[in-house]
Amino acid sequence: MPRVHELPAPPATLHFMGVCGTAMGAVAVMTKDLGYTVTGSDTGVYPPMSDVLAAAGIEVMEGFEASNLDHNPDVVVVGNVVRAVYAEAEALRARDLPYLSLPELLGVGFLAHRHSIVVSGTHGKTTTTSLIAWLLEHAGRDPGLMVGGVVANFDRSARAGTGPEFVIEGDEYDTAYFDKVPKFVHYRPDTAVLTSVELDHVDIYDSMDDVRAAFAMLVEQLGEDGLLIARGDDPEVRRIAAKAACTVWSYGPGQTWDGRVDAVDAESGTMTFTVLRDGSPLGQFTSSMVGEHNLANQVAAVAVATHRGLDPATIGAGLASFRGIKRRQELLGQPGGVAVLDDFAHHPTAVRLTLEALRTRFGGRRLWAIFEPRSATSRRAVFQDAYAAAFHAADRVVLAPPYDTSRIPEDERLDIDGLVHAISAQGGEAQVLPDPATIATVVAAQVLPHDVVAIMSNGGFGGIYTKIEEALRNR
């Protein structure tokens, strides 16, 4: 049977292949909430997603075995972790069962009849998506939400909502083994935000031309009655936005929508800022998200909220009550007076912006950057020089060896020792330590009360978060 382009009504059975992925698991729970019968399969099932699925009453089958489909689900949702050669994928094709990808499911099942707000770009999309959704929620609009992180105000990363808007993070990564297009191609945008365009995901994008072509596909979906809110001071964004057939609102320094930092309170970790529209103040706001990068994200969110009819006072109350996203400059604790934070940063620009924001947030406190090169891009040499410059805001840098480079040709791998040398040559203080346990022991022995320790990885980093907190408490 060919891929399907609609969903049967509940209580039809949906089976999720790769159900323990952050997005897959969140949508599986969301469809279960709507009355569907939901099953799933995955490998290496572990908390927290295993706990989330169990609490929702979703059965998870271990491994991608052909027998997982013996219950003949009405539709199979295939995650992008699944390869065509897996036994379950082969059985799916052999049994002629209806199937689609997760982005296709979102498009036909949740976005087709809502005002779809798609937030895309190399950086800032998770924060901006989450903030827009919360501003609408705080205003009583009950939006749908799909984001690549857990939003503290919602305590989840996806929800159906009943209001007119659905806010979704538009990832440019590809969709499934049978659907090699960016995920956002399926998201039917009415309003889109484009935050930035840089080379990333070098395992699927060979050049900037490929990246530009991908984001152009998003802009092309916006009809004449749509709205594109674009980071106008980014030349790559400006180049892509010029092709839009819809209305374009430009934001960023010197643009139609701009922001001005009025004050930063390093003790409370808050920022007061003014949003300007055509040079005139729209309103002054206070937020726990600090720094120029977060300022831009908040200006974009204010522009979207204004477009959807929210007034400045309502927006201000929403901004003040936004509690952030887990793994985005998330304060894990302050054992012994040392602030320990977790951040998802892995692209060199994201590393730089995160550390600059933390420098602004925490003032003159000594800042440690602990970084694991884990993503497909960060483990490669393509950004060797960019990483050397990315850590300039940190006082001390601790690097872990790149995660599993076995599939990367040796001459294409990040040179971690060379990175230490380059940081040192620029006046920084850096070292490589072999594993999370050693990092925790060394850092705990050297940090001082009032230091700030920022841990950056897009994966689990061997449980380093718990190891460092325990080492600090026990010293």
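Go over the candidates L131, L145, L194 one by one and state the one that is under 16 Å from the mean Cα position of the chain (by Cα) and free of Cβ contacts under 8 Å to residues at least 24 places away in the same chain.
Being under 16 Å from the mean Cα position of the chain (by Cα) and free of Cβ contacts under 8 Å to residues at least 24 places away in the same chain holds for just one of L131, L145, L194, which is L145.
Identify, please: which residue in region 130-150 is modelled with pLDDT of 85 or more, over 14 Å from L319 (Cβ atoms) and touching a Lys or Arg at 6+ places or on another chain (Cβ under 8 Å) and is, among those, surrounded by the fewest Cβ atoms within 10 Å (Cβ to Cβ)?
Within region 130-150, the match that is surrounded by the fewest Cβ atoms within 10 Å (Cβ to Cβ) is R141.
Can you tell me which residue in region 311-322 is nearest to G283 (Cα to Cα), limited to those that are touching a residue at least 60 places away in the same chain (Cβ under 8 Å) and under 25 Å from the mean Cα position of the chain (by Cα)?
Per the stated criteria, the residue is I315.
Return only the number of the condition from (1) surrounded by fewer than 21 Cβ atoms within 10 Å (Cβ to Cβ); (2) in a strand (DSSP E or B); (3) of a type outside the set (D, E) that N153 does not satisfy.
It fails just one condition, (2).
For K125, which of the numbered conditions (1) crowded, with 19+ Cβ neighbours inside 10 Å; (2) farther than 22 Å from F215 by Cβ; (3) of a type in the set (K, R) fails to hold?
Against the list (1) crowded, with 19+ Cβ neighbours inside 10 Å; (2) farther than 22 Å from F215 by Cβ; (3) of a type in the set (K, R), K125 comes up short only on (2).
Counting residues that are in contact (Cβ under 8 Å) with a residue 60 or more places away in the chain, at positive phi and surrounded by fewer than 18 Cβ atoms within 10 Å (Cβ to Cβ), which strands (runs of 3 or more DSSP E) fully inside region 41-119 reach at least 3?
Answer list for region 41-119: none.
When you go through A263, A301 one by one, which is the residue that is touching a Ser or Thr at 6+ places or on another chain (Cβ under 6 Å), closer than 29 Å to P348 by Cβ and not basic (K, R)?
The conditions single out A301.
Looking only at region 171-214, count how many residues are of a type in the set (S, T, N, Q) and modelled with pLDDT under 85.
Looking only at that region, the number is 0.
The values are calculated or read from the model by the stated rules, or taken from the named source; none is laboratory data. Only a predicted model underlies this, so the values are computations on that prediction, with no experimental measurement involved. In this analysis, Cβ positions are derived from the backbone assuming ideal geometry, glycine residues included, and neighbour counts consider all displayed protein chains.
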